[in-house]
Amino acid sequence: MADNKLIITYLVDASDRIKVFDFSVPAKQLTEVKLPSIATANKFNSKYNDSEVFFSVSSFTDPGSYMHLNMKDFKLETLRKG
């Protein structure tokens, strides 16, 4: 969770998908975060009211990159390539 939103990951065709939902009932999807390639996302780091999320991404061609997701505009940026 971050910025009072729920972040979920799930696996589709060997690649993680990331979706962000609000806390309304029923929950409404706000966005789907597009990863840079077919990859696994893990080690999410944030607090409930933080406006940013940090996590790592790895794939067959990338042993590990660190990513930053801004929860206000859902912009994803690479902080460090692996």
Are any residues in the range 19-42 over 12 Å from Met71 (Cβ atoms) and either within 10 Å of the chain's Cα centre (by Cα) or among the small types (Gly, Ala, Ser) (or both), and if so, which ones?
-> Lys19, Ser24, Ala27, Glu32, Lys34, Leu35, Ser37, Ala39, Ala41, Asn42
Return yes when Leu79 is aliphatic (A, V, I, L, M), surrounded by 13 or more Cβ atoms within 10 Å (Cβ to Cβ) and not in a loop (DSSP other than H, G, I, E, B) and no when it is not.
-> no
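Could you say which residue among Leu79, Leu6, Leu69 is of a type in the set (A, V, I, L, M) and touching a His at 6+ places or on another chain (Cβ under 6 Å)? Break it down into steps so the answer makes sense when it comes.
Numbers: Leu6 fails: touching a His at 6+ places or on another chain (Cβ under 6 Å); Leu69 fails: touching a His at 6+ places or on another chain (Cβ under 6 Å).
Answer to the selection: Leu79.
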Among the candidates Ser46, Ser37, single out the residue that is of a type in the set (Ser, Thr, Tyr), at pLDDT below 95 and surrounded by 15 or more Cβ atoms within 10 Å (Cβ to Cβ).
-> Ser46
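Does Phe54 fit the bill of being in a loop (DSSP other than H, G, I, E, B), within 10 Å of the chain's Cα centre (by Cα) and surrounded by 14 or more Cβ atoms within 10 Å (Cβ to Cβ)? Let's see the steps before the verdict.
Details: in a loop (DSSP other than H, G, I, E, B): no; within 10 Å of the chain's Cα centre (by Cα): yes; surrounded by 14 or more Cβ atoms within 10 Å (Cβ to Cβ): yes.
No; evaluated as a whole, the condition is false for this residue.
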Any residue in the range 64-76 that is loosely packed, with under 15 Cβ neighbours inside 10 Å and part of a strand (DSSP E or B)?
-> yes
Scanning the range 49-76 for residues that are under 21 Å from Asn4 (Cα atoms) and modelled with pLDDT under 95 gives Asn49, Asp50
Assess whether Ile8 counts as being under 13 Å from the mean Cα position of the chain (by Cα) and not charged (D, E, K, R).
-> yes
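The values are calculated or read from the model by the stated rules, or taken from the named source; none is laboratory data. Nothing here was measured: the structure is a model prediction, and the numbers come from that model. A quick note on method: Cβ atoms are made from the backbone with ideal geometry, for glycine too, and the neighbour counts reach across all protein chains shown.
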